[in-house]
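Below is one structure, written out as structure tokens; comments come after it.
The values are calculated or read from the model by the stated rules, or taken from the named source; none is laboratory data. What you see is a predicted model; the values in this text were computed from it and never measured. All Cβ positions, glycine included, derive from the backbone under ideal geometry; neighbour counts span all protein chains shown. Note: accessible area is taken over every heavy atom of the protein model, side chains too, but ligands, DNA and RNA are not part of it. Shrake-Rupley method; radii C 1.70, N 1.55, O 1.52, S 1.80 Å.
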Amino acid sequence: LEIAPAKAGASGTVFGRETSSQSTGGDSFPTERVLKWSCIGAAALVLLWLLHFLLARKPLRQSKGSGAAAVVLILLGALILRIIIAYFIYGHKTDINCFVSWGRRVADKGAAAFYDQWCDYPPGYMLVLGLMAKIGSWLKVGDYSFLIKFPAIVADLVSAYLVYAYAKRRMSRGAALSLMAFVAYTPVLAYISAGWGQIDQVLSLLLVVPILLLSDRKPI
């Protein structure tokens with residue numbers, strides 16, 4: 001099933017951002033511009049990483065300590081980046097509007113009565129959307145579409161940390177941190193969760209965790 005796009009000329013303000021079709025090009029998403037700057041940012045990150053290993057007096061792979069500070073800094077930077085993206089880009093209008101509407105329906109009517117009306121998503125994530133609606137209500141936020149993206153953003157960060165936690169058992173801490181940073185700052189992940197407002201990383205995380213547990217021979 002497809003939902004008809006919003007009519008041209010519809011407008012509104014979300015956390016101080018203009019969401020009219022005139023400013024965003026209707027229902028189109030600035031894919032080309034976002035991907036161009038994402039590629040530039042990724043290239044700059046690789047260049048800085050190479051310069052670090054070439055010029056640093058004490059390379060990361062030889063530093064001492066637990067690495068907790070580096071982990072926090074990498075994840076904090078990734079979180080700030082995603083918050084900025086989420087704040088300035090509304091995302092896929094049809095999906096975000098559906099998520100907001102579904103969250104309010106769960107919060108107002110409860111999960112049992114949710115499917116009395118149309119919805120093309122399975123029930124599990126509806127509980128998450130309902131929680132986001134509750135948080136938006138507690139914070140007295142009229143339009144909480146900005147909060148809808150947070151579960152996917154958190155899933156991004158958890159995925160990056162899982163890469164670090166798993167990799168450091170098999171390789172040097174510097175290499176594990178490098179892999180975590182690679183995941184945390186991958187443009188596609190930030191683009192999908194914080195920009196586009198999709199929940200793919202939440203579902204991916206729910207697949208990765210059982211796979212990691214099975215590889216550690218923890219089937220229960």
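Solvent exposure of the stretch 99-215 amounts to 49 Å² per residue of accessible area, where only protein heavy atoms count and the probe is 1.4 Å. Each peptide in 145-156, 126-137, 197-208, 40-51 gets a packing score, the mean of other Cβ atoms within 10 Å over its residues, and the list from highest to lowest is 145-156, 126-137, 197-208, 40-51.
Taking every protein chain into account, the 1.4 Å probe leaves Arg170 with about 140 Å² of accessible area, to the nearest ten. Coupling constants for the stretch 82-92 follow from the phi torsions by the Karplus curve (6.51 cos²θ - 1.76 cosθ + 1.60, θ = phi - 60°), and in residue order they are 6, 4, 4, 4, 5, 6, 8, 10, 5, x, 5 Hz; glycine and proline get x. Atom-type composition of the exposed protein surface of the stretch 107-189 places 69 percent of the accessible area on carbon and sulfur (1.4 angstrom probe).
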